[in-house]
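Chemist: Attaching a single structure in structure tokens format; questions to follow.
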Amino acid sequence: MSKITYREALNQAMCNEMERDERVFLMGEEVAEYNGAYKVSQGMLDKFGPRRVIDTPITELGFTGLGVGAAMAGLRPIIEFMTWNFAVLATDQIVNAAAKMKYMTAGQYSCPMVLRGAGGAAARVSSQHSQAFENWYANIPGLKVVMPSNPADAKGLLAASIRDNDTVIFIENEINYGDIGEVPEGEYIIPLGKADIKRVGKDITLVAHSRMTGYALAAAEELAKMGIDAEVVDPRTIRPLDEATILASVAKTNRAVVIEEGWRFAGIGAEISARIMEKGFDDLDAPVARVTGKDVPMPYAANLESYALPSVAEIVEAARVTCNRA
Amino acid sequence: MPIDVFMTQLSPTMTEGKIARWLKKEGDELVSGEVLVEIETDKATMEVEVIEEGTLHKIIAAEGTLIPVGTAIAVIAEDGEEVPADYMPESTGEAPVLETTATADIPASPEPVAQAIATTPAPDPVTAQTVEVDMAEVVRAANDKRIKASPLARRLAKQKGINIAAITGTGPKGRIVKADIEKASKRGINLGGQSFTPVALRPLPTGPMPYHADEYDAIENSMMRKAISRRLTESKQQVPHFYLSMDVQMDRLMDLRAQLNESADGAFKLSVNDFIVKAVAKALVDVPAANASWTDSHTYQHKHAHISIAVAIEGGLITPVVRFSEQKSIVEISNEIKELAGKAREGALKPEEYTGGTFSISNLGMYGIKQFNAIVNPPEGAILAVGGTEERAVAENGQVVVKKMMTLTLSCDHRVVDGAVGAEYLNALKKHIECPASVLI
Amino acid sequence: MAGKKKQDNTAGITHEGRFYSAERLHAMHDMMLYIRRFEEKAGQMYGLKKIGGFCHLCNGQEAVCVGMREAADSKDYMMTSYRDHGHILASGTEPTAVMAELLGRAGGVVGGKGGSMHMFDVKNNFAGGNGIVGEQVPIGIGFGFASQYRDDKRVSITIMGDGGVNQGAVYESFNMAALWKLPVVFVIENNQYAMGTSLSRASAETHLYKRGISFKVPGIQVDGMDVLEVERKMGEALEHARSGKGPMIVEMMTYRYRGHSMSDPATYRTRDEVDEWRSGRDPIVRLQNQMIEAGLATEADFKQKDRDIKKDVGAMAKAAEAQPEPDLSVLWDDVITDEIPNAYPYPRQVG
């Protein structure tokens, strides 16, 4: 174990996998000479050279398509989006090509590729740079969606994603890049599709991913002061979803709040709460509550921004109401 | 739209109600909270308050008539509304009447909803666009007898055999939640759910009575009379009764009672019955097997002694329940019985005050009865019949001595209480009565 | 290949200094004619509602399909848009599998998952069959990137139409391909119409081979109705790309005889215009005339050949139609490679 940052953990995963597998390469804007817009690929150019660590023009659709073709031809691209906001330009390649190639070709071609970068809201960057898109991609058969909430998960999940033979949408969080945590050294793999219980509790289940996991943990501490013992479940992989862990937790606590940074309508919380309704109906003592980003584009002003995002206080309040406490 | 007032279910077992008295007459202004009508149920006479304000347009059900639950009994006109002369509530006659056996846990029935929607007259095309109808509200209104309970609460109630209809929800909008079921389960009340649903009775043959008409007065049976008739007949027909009698010495208990009453200086006055209730409860703790209820799948062994006490009232009897008797002092029990008996005589007992008992006591000692056999009060497993205390010549150590004696008879439901258990119980009870200091601990 | 004419090593045609043997010429001719008859059969089957959805035929463009493949190495990658029947047939894929795919049969090239627009054959290095206009172009440079990464000298033949060439992805691809000198030949099949919009109504620069100028991608224009010219110029372009000089654009001037798709009555062009291309510039007739002139075959030979091919195509279509529909169980196949059995959505399950 060593204490390293979330960005260093991602860097370690990529370096380990590139050392292990010659087919793996990293491509994206500013990944090489600049050492990464968020320094995730720090030192990788020096280590692997320009053949395998490749700066691209600002051309998301183009280099994502290049990744699709390279993957179809047998390589294993890691394509970095500076942020997922820019990947909107590449959605045709993600949705129409990468996700479907295996199916459309009846298995003749597949698309083992990791598309990664920062998602969610950053700080004070306004509407076009603060968005959560995991629900878009999680809706699509053929894709996997992975979102780590801490450094150890970042390393283990990214390594697993690179080894995975499907296209993995790997959404990091800019605010988390500097987080420090204990991370296993050397090869470390966390299987995809496995949720993690970040805090054990008995009164209510808080389901939260990515940056919201930290919020949920903070809310759990507040709730503890009120005598509410919250369990925090981090799905880690959004698609496919380890709903068994969520359902088992709800069977124990009988109550759930699903938290996400993204918008409410047709969000991840909508899906998870629907699954709890479908599979855990008789375990519920209260309707599943959701805490989500407000249904507005992200504003710039600090107070507006923080109001638009979910807060620890909102999670606490939702949990309190769900627990029927005065 | 005129508002229909329906006969609503006012007790868990109520299937129909009698209009006892209208407190408002046609044309009266109705203010929310005022009493509109008194309804006599199988258990009590209940006041029904005004919920929808307006003018009492029409009384459909006259005083003294028996109306099935779910049938309209009156029509309220909203303020300033002209009710068409030919307006009749949809429910009259063909109301969604509950099954006569009325399981108390009424499942939400989709039919009334569908009916309500289907029979809503088609709006005229001009107004159709301007009138916004919240369909969810319409459905909810038509479905308002549905009990709001969380899925978990329903599941737990089913598992524990708890009648969810008898529980007051403490969740949002009165939703019954897990905590309510757990509380109910702790109190041991609210049995009488699905597991105890009485089976429909075959009606007794009704023919001309072999009496001359001038030799009797025909007194119409009250709702209560009918309920007593139904429940006791069911009990005698379905519950395999057996009876155990035992004599107990009352000298020490009578002495203790006199001492306590004397020292109370008017603060309380304990009856023999108060002591017996307490002793019964203590003995139930000693022999929990006697504190049990039968269902086809399970035997419910109760954790607390909720003692039903038969109270004679005008026109019949009712059994208010002293809950957690095993935890209460004699003084508390005494006060509670006085209060409950008073309410019973006034017909003011709430359903939760006369349901949920686990064991009954019927005491006819004050009427000079020496010994009798009582009928088990389902779903309870046993009832104790208490005779009067009297001096009797008793053989003791080869001598004939005079002792204050009382005869107790335990009627048991043999499905849950066997002879040996009943005997063990009576012995425990005898011990507490004959050594009454134990009931003070 | 069964020309009645006796064949010897010297028989053939020399075109612009390149010698084409009689055998090779017959093969090219037969493939073009087969594609023509295949597409006609497909049109007929569509009319009988045996083929569903979208169906884009390439009658008239056969010389491009055949000439390109003729010039390429069998290991070279090829990918195109949705007008793909001719290309996959020219790539050597079994015609019955192509027709079966059109008919939605189990034995289709992709087992009935793709239909007309999504033909793929990995064995013959044919990578689609892509339904979104221009989408295949970045994918094409990805194949070129892989080739360069592994240094295996394969060229990616990335085909688009005169409609697709206006997509932004194309220029992103031109740029990266040129920047990194990727082994890619961008082929623009200019059949003059992007669906119903003529070239001049959609493009400011109608000389499409010049579209790479800003990216330093050299371009040439080729008579796409002349299979020998297509073969020759394509060969030059492939050599350019293979030798590490980077990408090249080849604009093939061609014409489709049918509408954009089966549902297109093609009222945006005149009968005269279509007739002019059909009768005056048809690639099959043109090669036939060249071969007759060179004494490699007679008109009667080609008539007989046509009858044979029509018969073959008829039998092929019957065989394809006789195949069963895909088993319902294949619905769940090939969505995901590494299925995670205990996570939702559960593989191969509803709900």
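The values are calculated or read from the model by the stated rules, or taken from the named source; none is laboratory data. What you are looking at is a predicted structure, and each value in this text was computed from that prediction instead of being measured. Please note: Cβ atoms are built from the backbone with ideal geometry, for glycine as well, and neighbour counts cover all protein chains shown.
Chemist: How many residues does the stretch C:51-99 contain that are aromatic (Phe, Trp, Tyr) and either part of a loop (DSSP other than H, G, I, E, B) or more than 27 Å from A:Ala70 (Cβ to Cβ) (or both)?
Modeler: 2
Chemist: Could you check the stretch A:241-274 and list, in sequence order, the residues that are touching a Phe, Trp or Tyr at 6+ places or on another chain (Cβ under 6 Å) and of a type outside the set (D, E, K, R)?
Modeler: Selection gives A:Leu241 alone.
Chemist: Which one of these is surrounded by fewer than 23 Cβ atoms within 10 Å (Cβ to Cβ) and either touching a residue at least 60 places away in the same chain (Cβ under 8 Å) or not assigned by TED's automatic domain parsing to the domain that holds A:Val168 (or both): A:Arg76, A:Arg23, A:Arg51?
Modeler: The conditions single out A:Arg76.
Chemist: Hey, another quick one. Out of the residues in the stretch C:311-351 that are of a type in the set (S, T, N, Q) and surrounded by 15 or more Cβ atoms within 10 Å (Cβ to Cβ), which is nearest to A:Ala244 (Cα to Cα)?
Modeler: C:Thr337
Chemist: Additional query: From A:Gly267, A:Gly280, grab the single residue that is more than 14 Å from chain B (Cβ to nearest Cβ) and either touching a Ser or Thr at 6+ places or on another chain (Cβ under 8 Å) or at pLDDT below 95 (or both).
Modeler: A:Gly267
Chemist: Do any residues in the stretch C:331-344 that are assigned to a loop (DSSP other than H, G, I, E, B) have Cβ atoms under 7 Å from those of residues that are among the aliphatic types (A, V, I, L, M) and modelled with pLDDT of 95 or more, where the two are at least six apart or on different chains, and which pairs are they?
Modeler: Short answer, once both residue conditions are applied: C:Asp334/A:Ala106; C:Ile340/A:Leu192; C:Asn342/A:Ala244; C:Ala343/A:Leu241.
Chemist: In the stretch B:376-392, which residues are in a loop (DSSP other than H, G, I, E, B) and of a type in the set (Gly, Ala, Ser)?
Modeler: B:Gly381, B:Gly387, B:Gly388
Chemist: While we're on this one: Within the group C:Leu328, C:Leu238, C:Leu296, which residue is more than 14 Å from chain A (Cβ to nearest Cβ), free of Cβ contacts under 8 Å to residues at least 12 places away in the same chain and more than 25 Å from C:Lys41 (Cβ to Cβ)?
Modeler: Of C:Leu328, C:Leu238, C:Leu296, the one residue that is more than 14 Å from chain A (Cβ to nearest Cβ), free of Cβ contacts under 8 Å to residues at least 12 places away in the same chain and more than 25 Å from C:Lys41 (Cβ to Cβ) is C:Leu328.
Chemist: Which one of the conditions (1) over 15 Å from C:Val170 (Cα atoms); (2) of a type in the set (Lys, Arg); (3) surrounded by fewer than 18 Cβ atoms within 10 Å (Cβ to Cβ) does C:Arg281 fail to meet, given that it meets all the rest?
Modeler: Going through the list (1) over 15 Å from C:Val170 (Cα atoms); (2) of a type in the set (Lys, Arg); (3) surrounded by fewer than 18 Cβ atoms within 10 Å (Cβ to Cβ), C:Arg281 breaks only (3).
Chemist: Another question, then. Which of the residues that make up the stretch C:275-300 are over 26 Å from the mean Cα position of the chain (by Cα) and either part of a loop (DSSP other than H, G, I, E, B) or under 26 Å from C:Asp223 (Cα atoms) (or both)?
Modeler: Residues satisfying the conditions are C:Ile292, C:Glu293, C:Ala294, C:Gly295, C:Leu296, C:Ala297, C:Thr298, C:Glu299.
Chemist: So, one more: Find the helices (runs of 4 or more DSSP H) located wholly in the stretch B:222-328 whose residues include 3 or more that are within 29 Å of B:Val416 (Cα to Cα), and list them.
Modeler: Where helices (runs of 4 or more DSSP H) fall fully within the stretch B:222-328 and carry at least 3 residues being within 29 Å of B:Val416 (Cα to Cα), they are B:223-238, B:272-286.
Chemist: Being surrounded by fewer than 21 Cβ atoms within 10 Å (Cβ to Cβ) and out of contact with any His (no Cβ under 7 Å at 6 or more places or on another chain) is true for just one of B:His298, B:His306. Which residue is that?
Modeler: Result: B:His298 is the single residue among B:His298, B:His306 that is surrounded by fewer than 21 Cβ atoms within 10 Å (Cβ to Cβ) and out of contact with any His (no Cβ under 7 Å at 6 or more places or on another chain).
Chemist: Can you work out which of the residues in the stretch A:84-110 that are closer than 24 Å to A:His129 by Cβ and either modelled with pLDDT under 95 or surrounded by fewer than 23 Cβ atoms within 10 Å (Cβ to Cβ) (or both) is nearest to the other protein chains (Cβ to nearest Cβ)?
Modeler: Only one residue tops the list, namely A:Asp92.
Chemist: B:Ala341 - would you say it is free of Cβ contacts under 8 Å to residues at least 40 places away in the same chain and hydrophobic (A, V, I, L, M, F, W, C)?
Modeler: It is true that B:Ala341 is free of Cβ contacts under 8 Å to residues at least 40 places away in the same chain and hydrophobic (A, V, I, L, M, F, W, C).
Chemist: Sticking with this structure for a sec: Of the residues that sit in the stretch C:100-117 and are assigned to a loop (DSSP other than H, G, I, E, B) and more than 10 Å from chain A (Cβ to nearest Cβ), which one is surrounded by the fewest Cβ atoms within 10 Å (Cβ to Cβ)?
Modeler: By that ranking, first place goes to C:Ala106.
Chemist: Moving on. Determine which single condition C:Ala266 fails, assuming it passes every other condition in (1) among the hydrophobic types (A, V, I, L, M, F, W, C); (2) within 14 Å of chain A (Cβ to nearest Cβ); (3) assigned to a loop (DSSP other than H, G, I, E, B).
Modeler: Only one criterion is unmet by C:Ala266, namely (2).
Chemist: Could I ask something else about it? Among residues belonging to the stretch A:111-130 that are within 19 Å of the chain's Cα centre (by Cα) and surrounded by fewer than 22 Cβ atoms within 10 Å (Cβ to Cβ), point out the one that is farthest from the other protein chains (Cβ to nearest Cβ).
Modeler: Restricting to residues being within 19 Å of the chain's Cα centre (by Cα) and surrounded by fewer than 22 Cβ atoms within 10 Å (Cβ to Cβ), the top hit is A:Ala123.
Chemist: Please verify whether A:Val145 is at pLDDT 95 or above, assigned to a strand (DSSP E or B), closer than 25 Å to A:Arg23 by Cβ and within 14 Å of another protein chain (Cβ to nearest Cβ), treating the condition exactly as stated.
Modeler: Spelling it out, A:Val145 is indeed at pLDDT 95 or above, assigned to a strand (DSSP E or B), closer than 25 Å to A:Arg23 by Cβ and within 14 Å of another protein chain (Cβ to nearest Cβ).
Chemist: Would the stretch A:150-171 turn up any residue that is in the same structural domain as A:Arg236 (by TED's automatic domain parsing), in contact with an Asp or Glu (Cβ under 9 Å, 6 or more places away or on another chain), part of a helix (DSSP H, G or I) and of a type outside the set (Ser, Thr, Tyr)?
Modeler: no
Chemist: Which is surrounded by 10 or more Cβ atoms within 10 Å (Cβ to Cβ) and either touching a helix residue (DSSP H, G or I) at 6+ places or on another chain (Cβ under 7 Å) or acidic (Asp, Glu) (or both), of B:Ala283, B:Ala292, B:Ala227?
Modeler: From the options B:Ala283, B:Ala292, B:Ala227, the qualifying one is B:Ala283.
Chemist: Now for a separate question. Could you list, in sequence order, all residues of the stretch A:232-267 that are part of a helix (DSSP H, G or I) and among the hydrophobic types (A, V, I, L, M, F, W, C)?
Modeler: A:Ala244, A:Ile246, A:Leu247, A:Ala248, A:Val250, A:Ala251
Chemist: Further question on the same structure: Would you tally the residues in the stretch A:239-262 being among the β-branched types (Val, Ile, Thr), crowded, with 24+ Cβ neighbours inside 10 Å and facing chain C (nearest Cβ under 10 Å)?
Modeler: So the answer is 1.
Chemist: Restricting to the stretch A:277-307, what's the tally of residues that are crowded, with 20+ Cβ neighbours inside 10 Å and touching a strand residue (DSSP E or B) at 6+ places or on another chain (Cβ under 6 Å)?
Modeler: Qualifying residue count for the region: 6.
Chemist: Can you list the helices (runs of 4 or more DSSP H) lying wholly within the stretch C:118-216 that have 2 or more residues being under 18 Å from the mean Cα position of the chain (by Cα) and either within 7 Å of chain A (Cβ to nearest Cβ) or surrounded by fewer than 24 Cβ atoms within 10 Å (Cβ to Cβ) (or both)?
Modeler: C:136-150
Chemist: May I pose another question? Anything in the stretch C:331-348 that is among the aliphatic types (A, V, I, L, M) and facing chain A (nearest Cβ under 7 Å)? List them, or say none.
Modeler: Within the stretch C:331-348, C:Val335, C:Ile336, C:Ile340, C:Ala343 qualify.
Chemist: Can you say whether A:Leu206 is buried (at least 21 other Cβ atoms within 10 Å of the Cβ), modelled with pLDDT of 95 or more, touching a strand residue (DSSP E or B) at 6+ places or on another chain (Cβ under 6 Å) and assigned to a helix (DSSP H, G or I), as far as the supplied structure shows?
Modeler: No.
Chemist: Only one residue in B:Ala153, B:Ala166, B:Ala149 is closer than 27 Å to B:Ala44 by Cα and at pLDDT 90 or above, so which one is that?
Modeler: After applying the criteria, what remains is B:Ala149.
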